[in-house]
Ligand SMILES: NC(=O)c1ccc[n+]([C@@H]2O[C@H](COP(=O)([O-])OP(=O)(O)OC[C@H]3O[C@@H](n4cnc5c(N)ncnc54)[C@H](O)[C@@H]3O)[C@@H](O)[C@H]2O)c1
């Protein structure tokens, strides 16, 4: 049993910290956000993530998981410290490393016995040696430590499952001692024959960016294919389904939609492009994926405008789905933000509903109306834009929708509604490359 500290108790820190406590280790999650720690200590989770509440409760009750703001104690008690603070995108497209920098300085200051210090936050390739240098320079007592990188691949919405059953665990470490300690930390996965890969720090950092950028590329590619399908009268559903049957391609991340969002792909692709430029190279494919994604979000707004006869002014328009994907309350870089902004700028009366993300979106758009069900949100609306494929939107009855709308107009950016039923009910509708009857 190892004593583990997670610094940063957000989507990644909370899920991974809880997951590692479930492996049998004693985990302390620390954060500077006092409210968050207070709520966690009182059984209230700061994020929505399926299965997380139960896992937190179980491990807290077993005495393996606790939450604190006491950084000094959390650092001095640990065998392994994970850095899991945010690395948001700066104005210049670069990763903003100020939280990582501040944590690294604090760790160095308080370190007293040999500790493995592990970055789980996504940091630009090559940052590891910079972080290690900061720890070293504030470590006035010269306490020994090993610095390693352990990028995280979990997906919001299925984060608990992804963490407990990962495709692989990547450990970037130059020290065999540190790698052996990490093998112990991830022990149950090792027993379950999950692959635990030992690389250098810089290779581990590179694996993370290369993976995320590739997935973003895949999404942008299928979105462009969908747009061409629209022009040619082909059905993108069939195209992506059959493409996905080719083992070399795989069906995953091949679903057309309103453009990717979330806290990772937009910032990680921008940072990857920036890293390559700093090294005298261009990632032209990734640059294209970013451009395509921005255009796709604008394209959704244009589709909505077309459906609404060219303007939103004084029209009641409902946005269903605010989170960037289902099963999360994360709205960072969600396509729904671009949609709401355009509707508002155009003079529309915007109504919104998301099963988990109303509160998060209220912080961004306090002046639109929020509802507690799709039916309430759609009452007397002049049009509806579906932005997230929550299961409860998949189950929307088209007859019922027709009966409550003032005008039967719908933009289905996730291709979840039956085109056949929309046609039967005389809807004026659009979607993403899928205008053919199902
Ligand atoms: N969210 C994901 O799906 C995901 C997946 C893989 C990797 N990542 C990466 O993991 C990192 C964390 O992402 P996230 O989504 O969990 O971020 P987040 O914004 O949800 O959480 C970050 C947390 O760090 C805390 N924090 C900031 N400064 C601190 C400090 N000095 N001391 C203690 N706590 C501090 C914040 O209060 C916040 O609770 C990022 O680098 C991200 O790119 C995220």
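The values are calculated or read from the model by the stated rules, or taken from the named source; none is laboratory data. Since the model is a prediction, treat every value here as computed from it, not as a measurement. With ideal geometry, Cβ positions are generated from the backbone for all residues, glycine too; neighbour counts draw on all protein chains shown.
Observations
- Residue that is farthest from the ligand (Cβ to nearest atom) [pool: residues in segment 242-274 that are out of contact with any strand residue (DSSP E or B) (no Cβ under 9 Å at 6 or more places or on another chain) and part of a helix (DSSP H, G or I)]: 242
- Restricting segment 1-20 to residues that are away from the ligand (no atom under 12 Å from the Cβ) and assigned to a strand (DSSP E or B), the residue that is surrounded by the most Cβ atoms within 10 Å (Cβ to Cβ): 4
- Where residue 155 falls short, out of the listed (1) in a loop (DSSP other than H, G, I, E, B); (2) out of contact with any helix residue (DSSP H, G or I) (no Cβ under 8 Å at 6 or more places or on another chain): (2)
- Any hit, segment 21-30, residues being surrounded by 15 or more Cβ atoms within 10 Å (Cβ to Cβ), near the ligand (Cβ under 10 Å from one of its atoms), assigned by TED's automatic domain parsing to the domain that holds residue 165 and in a helix (DSSP H, G or I): no
- Test: residue in segment 278-288 that is within 16 Å of the ligand (Cβ to nearest atom) and farther than 25 Å from residue 159 by Cβ: no
Here's the yes/no breakdown for (1) more than 20 Å from residue 182 (Cα to Cα); (2) within 10 Å of the ligand (Cβ to nearest atom); (3) touching a strand residue (DSSP E or B) at 6+ places or on another chain (Cβ under 7 Å):
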position	(1), (2), (3)
56	yes, no, yes
62	yes, no, no
66	yes, no, yes
74	no, yes, yes
80	no, no, yes
88	yes, yes, no
91	yes, no, no
105	yes, yes, no
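- Scanning segment 128-154 for residues that are closer than 23 Å to residue 25 by Cβ, surrounded by fewer than 21 Cβ atoms within 10 Å (Cβ to Cβ) and within 14 Å of the ligand (Cβ to nearest atom) yields a count of 2.
- Residue within segment 339-354 that is within 16 Å of the ligand (Cβ to nearest atom) and crowded, with 22+ Cβ neighbours inside 10 Å present: no
- Candidates 351, 362, 332: the one that is more than 25 Å from residue 213 (Cβ to Cβ) and either in contact (Cβ under 8 Å) with a residue 60 or more places away in the chain or not in a strand (DSSP E or B) (or both) is 362.
- Filtering segment 237-256 to residues that are within 25 Å of the chain's Cα centre (by Cα), surrounded by 12 or more Cβ atoms within 10 Å (Cβ to Cβ) and on the phi < 0 side of the Ramachandran plot leaves 237, 240, 241, 244, 249, 251, 254, 255, 256.
- Hits in segment 2-17 - residues which are farther than 15 Å from residue 68 by Cβ and over 16 Å from the mean Cα position of the chain (by Cα): 2
- Yes/no for residue 123 being within 8 Å of the ligand (Cβ to nearest atom) and under 13 Å from residue 5 (Cβ atoms): no
Condition check ((1) without any contact (Cβ under 8 Å) to a residue 60 or more places away in the chain; (2) assigned to a loop (DSSP other than H, G, I, E, B); (3) at positive phi) across all residues:
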{"residue": "60", "(1), (2), (3)": "yes, no, no"}
{"residue": "73", "(1), (2), (3)": "yes, no, no"}
{"residue": "99", "(1), (2), (3)": "no, no, no"}
{"residue": "112", "(1), (2), (3)": "yes, yes, no"}
{"residue": "130", "(1), (2), (3)": "yes, no, no"}
{"residue": "133", "(1), (2), (3)": "yes, no, no"}
{"residue": "140", "(1), (2), (3)": "yes, yes, no"}
{"residue": "148", "(1), (2), (3)": "yes, no, no"}
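- Residue within segment 171-191 that is within 16 Å of the ligand (Cβ to nearest atom), in contact with a helix residue (DSSP H, G or I) (Cβ under 8 Å, 6 or more places away or on another chain) and assigned to a helix (DSSP H, G or I) present: no
- Among the residues of segment 143-167, those that are modelled with pLDDT of 95 or more and touching a strand residue (DSSP E or B) at 6+ places or on another chain (Cβ under 8 Å) comprise 143, 145, 146, 147, 148, 149, 150, 151, 153.
- A single entry from 202, 239, 225, 197 fulfils the requirement of being touching a helix residue (DSSP H, G or I) at 6+ places or on another chain (Cβ under 9 Å) and not in a helix (DSSP H, G or I): 197.
- Complete set of residues in segment 31-54 that are closer than 21 Å to residue 122 by Cβ and either over 17 Å from the mean Cα position of the chain (by Cα) or outside any helix (DSSP H, G or I) (or both): 31, 32, 33, 36, 46, 47, 49
- Checking each residue in segment 365-376 for being touching a helix residue (DSSP H, G or I) at 6+ places or on another chain (Cβ under 7 Å) and not in a loop (DSSP other than H, G, I, E, B) picks out 370, 374, 375.
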